Amino acid sequence: MLRGSDGININGPSLISMPDWAPGRLGAYHLYFADHGGSYIRLAYADSIEGPWHIHPGGVLSLDQCQFIKDHIASPDIHVDQRNRRFVMYFHGPARDAPGQVTFAATSSDGLRFNPLSEPLGPSYARFFHHDQWWYGLLGTGAITVFRSRNGISDFEQGPVVLPGVKRVPTPRHLALQKSGRWLRVYYTRRGDAPERILHGTIDLAEDWRNWTVRGDTELMRPRTDFEGAALPVRRSREGPAKGRENALRDPAIFEENGRTWLLYAVAGESGIALAEIISRDAPAKAARTPATVLRRCARWLFWRLRKAARRLPSAMTFRKRIFIAGCARSGTTLSRRLMGCFDDIYVHTDEAPYQALLELDRPEANLVVKRTHESHKDIEHLPDSVGLIYCVRHPFDVLTSSHPETVKERRFHVTTERWVAEYDGLMRLRQAQPERAVFYLRYEELIAEPDIVQARIARSFGLSPVTLYSRDADNPIRATSLRKWEHNEEFRTYLHGLPAAFLARVESFCSEFGYDMPADTLSAGAVR
């Protein structure tokens, strides 16, 4: 969707519902966003908040139009002025005639072409709201200061610091605002948190504005999914642009429509923009005062890893094959993903992703492959009929006694019994919901012993053409020594011996179905001896 380097850094979302009177209305929703060091403000549009989203080439405001700033232009904050039938966009960039980065405003009659105004309004990183005939803005990073103006585009006066920054502790970076009666909900992230996550507090607007302060720093959300960066190392975030994917969330933004509240945010540092719905479970009388207590991650990412994506072609969404790799962890899903890269005209997604990513990937290749996340079993029964399924299985005792570098410090074995059962239950739900679905079951043991035969079977099943044999792939990580270690390892056998009888009964059912043996001494009084 974004070509070349334009997709390397994605952040700063600001979403609006486009009014019918706007001549530049490309869709029901316009999403303005930026690159941390970009030369223009980007625009995507859609008729549904859940997409599909399309890029408006060239954006809406470029650095060349703003002779008063240099280096980059970023952080759009868009507002619809219904009374004057115009759009006001706040943005920032390094000022040519002043130190540091500064916030400016631009106006537009159509939402596509903006006219920048040269009057500096305050520090960089700004969010604005209207209250009691005034336009207020929370500006700055490190320490957040309130400013206000009658018309919202000039003559701002400075007020107090509402969210201070303190040396040697995490300091505010980006924020979002939501007005609810007398309360202003403030969502923000902090540099120095590990991982950087989204917090929230409130400002009591009934107080004199010169006494405003943000109260509360309750955590709302942190990376929990792979596309948010949860699988990456946890490190304290730093000042400046994200350097590649990180275990961090940034750039919160609020969108409200028909009584619903949506939170947009940058994922994996600044690698894309995601969307979640905030739901308050408080009674109506308390809803205005208490910040949202529940966040429902909808797993509806707007832009996820739009890096160096190919040009959209008229036939780009007419794929011959879309294939989803599922199965319990330590069952060969990663090996299977590597194998799929040995076929012709195929794109294998580098990150784990929900199956929905297959429907949104914008690639020129005829065949697309995505490997599941650790949560994909929760909704696998909804896998579309158009998506092919490779389901990886492995002897349960091998799965249950396998370790993983990501969790070795937390527990001895990577897959818990609860996770194994949840994965198996997900498969059962899929079968019940889609009894006619064809599933390619890939046995880990066969992949290890006869990789080329397995590759040929996959080729026949999905109509693919191999370009190299998997056994000859230089990056082939197959290790035959990973099989049946539990037979000779006393620690492993002791662990398996202690598993509940009810769980072992599920294991026996699984083994019977997929042709795995249960050792003679396994199920006596429901335990391994």
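Where a number appears in this text, it was derived from the coordinates with a stated rule and is not lab data. As the structure is a computational prediction, the values presented were derived from the model and not from experiment. Backbone-built Cβ (ideal geometry, glycine too); neighbour counts: all protein chains shown.
For region 223-237, putting each phi into the Karplus relation 6.51 cos²θ - 1.76 cosθ + 1.60 with θ = phi - 60° gives couplings of x, 10, 10, 5, 6, 7, x, 4, 7, 8, x, 7, 9, 5, 6 Hz, in residue order, rounded to whole numbers and with x for Gly and Pro.
Projecting label points 7 angstrom from Cα along Cα→Cβ for E490 and A98 puts them 7.4 nm apart. Among E375, E228, a tally of other beta-carbon atoms within 10 Å of each Cβ gives an order, fewest to most, of E375, E228. Each peptide in 117-128, 378-389 gets a packing score, the mean of other Cβ atoms within 10 Å over its residues, and the list from highest to lowest is 117-128, 378-389.
A dipole drawn for the chain from +1 and -1 charges on Cβ atoms has a positive end, and of F147, G244, I78 the residue lying farthest that way is F147. Think of it as helices only: each DSSP H run of n ≥ 4 in the chain is worth -39500 (n - 2.57), and spread over all residues that comes to -4000 deg cm²/dmol at 222 nm.
Here the extension length gained between S39 and L483 equals 154.5 nm, from 0.36 nm per residue of separation less the Cα-Cα distance. Note on K485, K409: ascending count of other Cβ atoms within 10 Å places them as K409, K485, the fewest first. Each of A438 and A143 was given a label point 7 Å from its Cα along the Cα-to-Cβ line. The distance between the two points is 6.7 nm. When the charge dipole of the chain is built from unit charges on Cβ atoms (+1 for Lys and Arg, -1 for Asp and Glu) and taken about the Cα centre, the candidate among F343, L361, F255 whose Cα reaches farthest toward its positive end is F255. Suppose R0 equals 45 Å. What FRET efficiency, 1/(1 + (r/R0)^6) with r the Cβ-Cβ distance, do T334 and I279 give to the nearest 0.05? So the FRET efficiency works out to roughly 0.80. Fewest neighbouring Cβ atoms within 10 Å first, the residues I453, I448, I390, I10 line up as I453, I448, I390, I10. Listed values for region 131-136 are Karplus-derived 3J(HN,Hα) couplings in whole Hz (6.51 cos²θ - 1.76 cosθ + 1.60, θ = phi - 60°), namely 7, 6, 6, 10, 9, 10, and x replaces Gly and Pro. With the cut-off at under 17 Å, measuring from each backbone N in region 428-469 to a point 7 Å along the Cα-to-Cβ line of R506 picks out 428-432. Taking amide H as placed 1.01 Å from N in the peptide plane, R443 has its amide H under 5 Å from the amide H of V393, each at least 5 places away in sequence or on another chain. Multiplying the residue separation of E257 and S17 by 0.36 nm and subtracting their alpha-carbon distance yields 85.6 nm. The calculated FRET efficiency for the pair K409 and E239, based on their C-beta separation and a Förster distance of 30 Å, comes to about 0.55.
If you take the beta carbon distance between H130 and S461 as r and set R0 to 56 Å, what does 1/(1 + (r/R0)^6) give as a FRET efficiency, to the nearest 0.05? Working from the Cβ atoms, E equals 0.45.
With contacts taken as Cα pairs under 8 Å and at least 6 residues apart, region 122-178 reaches a relative contact order of 29 percent. In a DSSP loop and with at most 13 other Cβ atoms within 10 Å, the trypsin sites (Lys or Arg not before Pro) in region 1-73 are K70. Taken along the Cα-to-beta-carbon direction at a fixed 7 Å, the label points for T218 and L117 span 3.6 nm. Our summary gives region 321-514 a relative contact order of 25 percent, counting only alpha carbon pairs under 8 angstrom and 6 or more residues apart.
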